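The values are calculated or read from the model by the stated rules, or taken from the named source; none is laboratory data. It should be emphasised that the depicted structure is a prediction, and the values quoted were computed from it without experimental measurement. As a convention, Cβ positions derive from the backbone with ideal geometry for all residues, glycine included, and neighbour counts pool all protein chains shown.
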Amino acid sequence: MTAGLDILGVGLDIPPATDTRALCRSAGADTREFRGWDNVCVAREDEHPSTMGAAALRAALDDAAISPTDLGIVVSAGMSRDYLPSWSLSTEIMKAAGTGPAALGIDLTLGCLGTLAALNVAHGWLTGGGYAGIVTAERWAYTVDRSVTTTMTLWAHSDGAGALVVGLGTGDPALGVYQGGANCCRNSDQQRVIPPHSDHGVRRCGGAGEELSVRAGGLALAAVECRTRAG
């Protein structure tokens, strides 16, 4: 079997949470029928996909104890950009995070399952070993009209960014291992295979108190082998 992609670090950059109902009421909406998320995170004026994405990537690098100059590729998998194409979000994030001049930036411009596609791209690119950064950054909450109930299903859709630092054949302690498109999730301590479907589309793997979850719309699109982080 092909070696899995080690998940070495995770980073987030999320704007402050605001009460969804209060925000929509202030815009003039009737929120009595709203049954969505209680809080929404709306980017501030100086928070953009590039700034939030770079902050998330820096946090993931710190979590993995990896230098930005070690990254061979950075893949951006979100839909939002600061500017229209062909402006590249990935290369702007690379510049802000301080990657090396030989690193490659790729913008996939995908939606909800973009991170899974980016993991596959990174896995294929790192066939000879090395490190990659994967970033999803979105800022589109400002486009939602919260004054009318016809957009109620979008009221709580938020802004923010998340990032992973992954490696192949590096020997670093990993949070988990991405195995690609297999339909299982194996606990390395218990050697237990979890069925590929669940009520909420979440794959959870225990292991000495640690969990790693993959959310994929009710489908097990990724196999994740969990193990404890050494050290």
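Could you tell me whether any residue of segment 151-159 is assigned by TED's automatic domain parsing to the domain that holds residue 82 and either of a type in the set (Asp, Glu) or closer than 18 Å to residue 67 by Cβ (or both)?
Looking only at segment 151-159, we keep the residues that are assigned by TED's automatic domain parsing to the domain that holds residue 82, and these are 151-159.
This time we only want the ones that are either of a type in the set (Asp, Glu) or closer than 18 Å to residue 67 by Cβ (or both), so: 159.
Taking every residue of segment 151-159 in turn, at least one turns out to be assigned by TED's automatic domain parsing to the domain that holds residue 82 and either of a type in the set (Asp, Glu) or closer than 18 Å to residue 67 by Cβ (or both).
List the pairs whose first member sits in segment 5-25 and is within 21 Å of residue 147 (Cβ to Cβ), whose second member is among the acidic types (Asp, Glu) and buried (at least 22 other Cβ atoms within 10 Å of the Cβ), and whose Cβ atoms are under 8 Å apart, counting only residues at least 6 apart or on separate chains?
Pairs found: 15/159.
Out of all the residues in segment 32-57, which are surrounded by 18 or more Cβ atoms within 10 Å (Cβ to Cβ) and in a loop (DSSP other than H, G, I, E, B)?
Within segment 32-57, 34, 42, 43, 47, 48 qualify.
Among the strands (runs of 3 or more DSSP E) contained in segment 119-180, which hold 2 or more residues that are at pLDDT below 95 and under 30 Å from residue 17 (Cβ atoms)?
Working: elements: 130-138, 160-168, 176-178.
Where strands (runs of 3 or more DSSP E) fall fully within segment 119-180 and carry at least 2 residues being at pLDDT below 95 and under 30 Å from residue 17 (Cβ atoms), they are 176-178.
Within segment 101-119, count every residue that is in contact (Cβ under 8 Å) with a residue 40 or more places away in the chain and of a type in the set (A, V, I, L, M).
Step one: filter segment 101-119 for residues in contact (Cβ under 8 Å) with a residue 40 or more places away in the chain, giving 112-113, 115-119.
If we keep only those that are of a type in the set (A, V, I, L, M) as well, we get 113, 116-119.
Counting residues in segment 101-119 that are in contact (Cβ under 8 Å) with a residue 40 or more places away in the chain and of a type in the set (A, V, I, L, M) gives 5.
Being assigned to a strand (DSSP E or B), in contact with a His (Cβ under 8 Å, 6 or more places away or on another chain) and surrounded by 13 or more Cβ atoms within 10 Å (Cβ to Cβ), is that true of even one residue in segment 64-82? Give the steps one after another, and end with the answer.
In the first step, residues of segment 64-82 are kept if they are assigned to a strand (DSSP E or B); the result is 71-76.
Add one more test, that the residue is in contact with a His (Cβ under 8 Å, 6 or more places away or on another chain), and what stays is none.
Scanning segment 64-82 turns up no residue that is assigned to a strand (DSSP E or B), in contact with a His (Cβ under 8 Å, 6 or more places away or on another chain) and surrounded by 13 or more Cβ atoms within 10 Å (Cβ to Cβ).
Just one of 90, 86 is of a type in the set (Gly, Ala, Ser) and in a loop (DSSP other than H, G, I, E, B); which is it? Explain how you work it out, then say what you get.
Numbers: 90 fails: in a loop (DSSP other than H, G, I, E, B).
Selected residue: 86, the only one of 90, 86 that is of a type in the set (Gly, Ala, Ser) and in a loop (DSSP other than H, G, I, E, B).
Show the residue pairs meeting these rules: Cβ distance below 8 Å; 6+ apart or different chains; first residue within segment 43-54 and farther than 17 Å from residue 79 by Cβ; second residue assigned to a helix (DSSP H, G or I).
54/92; 54/93; 54/96; 54/97
Restricted to segment 83-97, and to residues that are in contact with a Ser or Thr (Cβ under 7 Å, 6 or more places away or on another chain) and of a type outside the set (D, E, K, R), which residue is surrounded by the fewest Cβ atoms within 10 Å (Cβ to Cβ)? It would help to see each step written out before you state the result.
Pass one, segment 83-97, residues in contact with a Ser or Thr (Cβ under 7 Å, 6 or more places away or on another chain): 89-90, 92-93, 96.
From what is left, the residues that are of a type outside the set (D, E, K, R) are 89-90, 93, 96.
Working: 89: 27, 90: 26, 93: 29, 96: 16.
This residue is 96.
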